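Heads up: the structure comes next, in structure tokens.
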Amino acid sequence: MLSTVFKTASALALASVTIAAPTTFPNYPPTLLSQNFRLVANVTSADLVTPINNYVLTSYHTGAGTAYAVLVPNTTVTSGRIFYLNGTASDVRYHNADVLSDGGTPLFPFGVIINSDESVSINAGLGQPGIGLTQFPDPISELSGKTAAGEAGDFYACLDDVIPGGEAVQLKFKVLGEETPAGCADVSLLAQCSEGSGAVDEFANTVNCYADVAGIDWEFYDSD
Ligand SMILES: *[C@@H]1O[C@H](CO)[C@@H](O)[C@H](O)[C@H]1NC(C)=O
Ligand SMILES: *[C@@H]1O[C@H](CO)[C@@H](O)[C@H](O)[C@H]1NC(C)=O
Ligand SMILES: *[C@@H]1O[C@H](CO)[C@@H](O)[C@H](O)[C@H]1NC(C)=O
């Protein structure tokens, strides 16, 4: 009698251990290391009528050395600009690094900038300190934005902001707590490892990035 009770109790204890274990350890998509990456849109809300999930980030020229950051379909292996996280180790540590992309002939740096009207630019010259990539201990590698005033927030894109005559959709940024406007989709911009642009970037950091963002099956992974 006594031994039966004991066996039942220990069997129960064992069962609770086996049930609890799988939910205790989060599982994130595996990353590789690279100095260069492309940024791929991962839509986390309802998508636009013309879906933009897995679109890649590039620039849409608006003037001499100025361009909007836009999302375009990934049509070839070279679609989307090549980016890098620029800064010293201390810039990275204190979130003062910036995200740059080399372009032009000869190659020169363009920086990702968040404008006060919520649009995002990729302009020749300095980037905006604080626009970086989330890295360890954050388990996900994605573009992290901040306004020039230092306010954190999230990226989104809207059907109304499709560039006339094309499929490019402007990238937007809203500060934390602000609602995503109707007709718009929330996007995370995940880093996909890439070859370099050919430029030698003394302050390019080695970052975590995914081999193939579009191939990640989120059913099996956690995201925060
Ligand atoms: C990517 O998108 C999927 C589908 O919406 C979502 O489940 C997942 O949490 C997202 N991951 C990240 C890191 O945004
Ligand atoms: C773009 O598509 C190609 C296949 O055509 C794929 O190899 C590549 O990983 C994609 N690039 C991005 C950044 O998603
Ligand atoms: C890249 O980072 C270095 C080190 O902080 C800095 O001196 C340089 O101005 C940065 N380049 C650009 C274009 O922001």
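The values are calculated or read from the model by the stated rules, or taken from the named source; none is laboratory data. Quick caveat: nothing in here was measured; it's all calculated off a predicted structure. Using ideal geometry, Cβ is built from the backbone for each residue, glycine included, and neighbour counts are taken over all protein chains shown. SASA here: full protein model, heavy atoms, side chains in, ligands and nucleic acids out. Shrake-Rupley method; radii C 1.70, N 1.55, O 1.52, S 1.80 Å.
What to note about this one:
- Residue in the range 217-224 that is away from ligand 1 (no atom under 16 Å from the Cβ), surrounded by fewer than 12 Cβ atoms within 10 Å (Cβ to Cβ), at pLDDT below 95 and in a loop (DSSP other than H, G, I, E, B) present: no
- Within the range 38-59, residues that are under 21 Å from Ser119 (Cβ atoms) reach partners that are within 16 Å of ligand 3 (Cβ to nearest atom) and among the basic types (Lys, Arg) with beta carbons closer than 9 Å, at six or more positions or on different chains, in the pairs Arg38/Arg81; Leu39/Arg81; Val56/Arg81; Leu57/Arg81; Thr58/Arg81; Ser59/Arg81.
- Verdict on Asp154 being surrounded by fewer than 16 Cβ atoms within 10 Å (Cβ to Cβ), away from ligand 3 (no atom under 16 Å from the Cβ) and within 16 Å of Asn42 (Cβ to Cβ): no
- Taking the range 37-54 as the range and being within 11 Å of ligand 2 (Cβ to nearest atom) and either under 19 Å from Ala199 (Cβ atoms) or open to solvent by less than 20 Å² (accessible area, probe 1.4 Å) (or both) as the test, the residues that pass are Phe37, Arg38, Leu39, Val40, Ala41.
Conditions tested, residue by residue: (1) over 22 Å from Val49 (Cα atoms); (2) touching a Phe, Trp or Tyr at 6+ places or on another chain (Cβ under 6 Å); (3) among the polar types (S, T, N, Q).
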position: Pro109; (1), (2), (3): yes, no, no
position: Val112; (1), (2), (3): yes, no, no
position: Ser116; (1), (2), (3): yes, no, yes
position: Ile140; (1), (2), (3): yes, no, no
position: Gly153; (1), (2), (3): yes, yes, no
position: Asp161; (1), (2), (3): no, no, no
position: Phe173; (1), (2), (3): no, yes, no
position: Gln192; (1), (2), (3): yes, yes, yes
position: Ser197; (1), (2), (3): yes, no, yes
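- Hey, Gln170 closer than 19 Å to Leu133 by Cβ, more than 16 Å from ligand 3 (Cβ to nearest atom) and surrounded by 12 or more Cβ atoms within 10 Å (Cβ to Cβ) or not: no
- Taken over the range 173-214, the criterion of being open to solvent by 40 Å² or more (accessible area, probe 1.4 Å) and in contact with a Cys (Cβ under 7 Å, 6 or more places away or on another chain) is satisfied by Pro181, Gly183, Gln192, Ala211.
- Number of residues in the range 86-139 that are charged (D, E, K, R), part of a loop (DSSP other than H, G, I, E, B) and loosely packed, with under 13 Cβ neighbours inside 10 Å: the value is 1.
- For Gln128: the one exception among (1) without any contact (Cβ under 8 Å) to a residue 40 or more places away in the chain; (2) of a type in the set (S, T, N, Q); (3) more than 16 Å from ligand 3 (Cβ to nearest atom): (3)
- Unique residue being in contact with a Lys or Arg (Cβ under 9 Å, 6 or more places away or on another chain), among the β-branched types (Val, Ile, Thr) and more than 16 Å from ligand 3 (Cβ to nearest atom) when the list is Thr76, Thr58: Thr58
- Scan the range 180-224 for residues that are away from ligand 2 (no atom under 16 Å from the Cβ), closer than 19 Å to Leu71 by Cα and polar (S, T, N, Q) and the total you get is 1.
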